[in-house]
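Note sheet for the following structure.
The values are calculated or read from the model by the stated rules, or taken from the named source; none is laboratory data. Predicted, not measured: the structure shown is a model, and the values here were computed from it. As a convention, Cβ positions derive from the backbone with ideal geometry for all residues, glycine included, and neighbour counts pool all protein chains shown.
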Amino acid sequence: MAGITGIGSGIDIDAIVKASVAAERAPKDAQLERLTTKTTTQITSLGTFKSALSEFQTAAKNLNDASLFGTRKATSSDAARVAASAEKTALTGAYRVEVSQLASSSKIASGSVSGDSSSTFASGGTLSIALGDDSFDVDVAAGATLKDIRDAINTKLGEKGISANIVSDPAGGTSQLVLSSSKTGAGNDLTLSATGADLQGLVTDMPAALSEAQNAKFTIDGLALESATNEVSGAIEGVTFTLAKAEEGVSTTLNVGENTSAVKDSLKKFVDAYNKLITTTNSLTSVVSVGEGKEPLVGGLVGDSSVRNVLSGLRSELTDISAGQSGDAFRALADLGITTQKDGKLTIDDTKLTAALEDNYDAVGAFITGDNGLMNRLSGRVDGYVKTGGVLQQRIDGLQKTDADIKEQKADLETRVAAIQARLYKQYNAMDSLVGQLTRTSDSLASALDSLPGVVKKGN
């Protein structure tokens with residue numbers, strides 16, 4: 001509003017100007033608002049469609065992995081006794097494993113010394129700790145305590161797999177060092193010796209070993225074997241055994257076979273991604289009635305050719321048996337028990353899929369993977385739409401330019417409306433000023449006439 005208006009004429013100039021401006025801008029405002037809504041909806045819808053397509057393509061690419069079908073899986077009849085894992089080089093088969101002895105490490109205790117962990121060794125010296133063929137010296141300073149010796153051993157030999165602790169006898173008032181090794185296997189026993197008079201008490205009258213290092217002893221299908229560790233590699237190519245419990249006369253059966261569970265999991269993720277794509281496109285292309293007399297809810301991509309072309313191509317690949325070779329065990333996804341339902345989504349017949357994997361594992365891999373495999377063909381169907389600079393990105397970029405142009409038009413409209421408003425105020429205020437002047441002139445003339453002799457005033 002340009003100051004106080006309408007004083008001279010008594011006309012509500014503000015209301016007139018606002019009504020005139022609103023009438024001027026209403027059609028263009030409505031047009032731009034419709035364009036903004038349409039453009040924003042399409043940008044969002046295309047982004048959602050592209051995201052669902054990308055997720056589907058990722059699932060297809062993950063399944064198009066020959067190594068997935070090259071993996072092997074080992075299962076145990078009693079994993080609490082013997083567990084196993086298999087590499088892709090492992091051959092399928094069943095093995096009977098019996099464990100009579102687990103591999104163990106060495107543990108020894110020093111001789112007893114009077115006092116607790118704060119007991120001191122006045123003269124100091126050197127402790128020599130041997131682990132199998134390796135020997136390590138730990139220097140002990142004069143006046144060091146038993147706790148200092150323990151800490152020195154742990155600091156210097158911790159990375160060697162040797163650790164120390166202190167065990168005290170409250171009743172006897174004595175303490176001992178306890179040395180432990182993490183290295184299992186026969187010949188890896190700990191020994192302790194010392195130089196320095198005060199340290200001799202640690203190596204005098206040492207008790208028998210608390211635990212001796214020994215190999216694991218077991219049989220595979222009756223063949224006697226030993227291992228320095230409880231994790232056994234190399235006994236059977238591509239298979240690693242983990243021995244957890246020893247009990248003579250009790251055997252565990254290990255089965256090495258194709259890793260069908262990994263393949264089934266990947267197939268399920270692929271089906272889930274495809275079904276999500278169908279759900280997304282259904283939402284984007286649907287027209288939903290919301291009641292009589294009300295505008296229906298219309299999806300952002302109703303009648304969109306990109307959606308139609310993509311889905312048509314994918315459905316063609318899923319059902320086209322001509323892509324396979326004559327004589328192939330599998331020529332369509334339905335041969336694996338994965339079929340299309342009435343709503344367009346995929347469903348898995350687990351029994352049929354399991355049978356296909358168990359009976360023709362390699363043939364399933366050949367059908368799904370490779371340059372001519374189903375997953376590569378499906379990925380190719382969507383690649384032109386989702387790749388950088390692809391169809392969908394080009395459309396989104398074009399719509400974003402349109403959105404920017406709409407914003408410019410809105411800014412231009414504001415400028416034009418402001419100019420119209422200023423012009424109207426100027427015109428109406430000029431009129432108001434003129435009317436005011438005329439009114440004042442009229443009042444002045446009336447007053448002069450009333451003052452003339454012989455003029456009869458109204459009301460007399």
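Residue check: Ile220 meets all listed conditions (1) assigned by TED's automatic domain parsing to the domain that holds Gly93; (2) touching a strand residue (DSSP E or B) at 6+ places or on another chain (Cβ under 9 Å); (3) surrounded by fewer than 16 Cβ atoms within 10 Å (Cβ to Cβ) but one, namely (3). With a requirement of 1 or more residues that are in contact (Cβ under 8 Å) with a residue 60 or more places away in the chain and not aromatic (Phe, Trp, Tyr), the strands (runs of 3 or more DSSP E) lying completely within the stretch 46-149 that satisfy it span 72-76, 82-86, 93-101, 105-109, 125-131. Scanning the stretch 224-245 for residues that are charged (D, E, K, R) and either within 32 Å of the chain's Cα centre (by Cα) or closer than 21 Å to Leu91 by Cα (or both) yields Glu231, Glu237.
Scanning the stretch 319-359 for residues that are at pLDDT 90 or above and assigned to a loop (DSSP other than H, G, I, E, B) yields Gly337, Gln341, Lys342, Asp343, Gly344, Lys345, Asp349.
Within 30 Å of Arg96 (Cβ to Cβ), in contact (Cβ under 8 Å) with a residue 12 or more places away in the chain and in contact with a Ser or Thr (Cβ under 6 Å, 6 or more places away or on another chain): does that describe Lys217? When the stated conditions are applied, Lys217 passes them.
Residues checked against (1) under 48 Å from the mean Cα position of the chain (by Cα); (2) modelled with pLDDT under 95:
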position	(1), (2)
Thr44	yes, yes
Gly47	yes, yes
Ala52	yes, yes
Asn64	yes, yes
Lys73	yes, yes
Ser85	yes, yes
Ser105	yes, no
Ala122	no, yes
Thr126	no, yes
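Note on the stretch 150-199: residues that are surrounded by fewer than 14 Cβ atoms within 10 Å (Cβ to Cβ) and under 12 Å from Gly111 (Cα atoms) amount to 1.
Here's the yes/no breakdown for (1) of a type in the set (Gly, Ala, Ser); (2) assigned to a helix (DSSP H, G or I):
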site: Ala363; (1), (2): yes, yes
site: Met375; (1), (2): no, yes
site: Leu378; (1), (2): no, yes
site: Thr388; (1), (2): no, no
site: Glu414; (1), (2): no, yes
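Out of Gly303, Gly370, Gly344, which single residue is at positive phi and over 30 Å from the mean Cα position of the chain (by Cα)? Going through Gly303, Gly370, Gly344 in turn, just one is at positive phi and over 30 Å from the mean Cα position of the chain (by Cα): Gly303. Residues in the stretch 283-300 that are under 26 Å from the mean Cα position of the chain (by Cα) and in contact (Cβ under 8 Å) with a residue 60 or more places away in the chain: Leu284 only.
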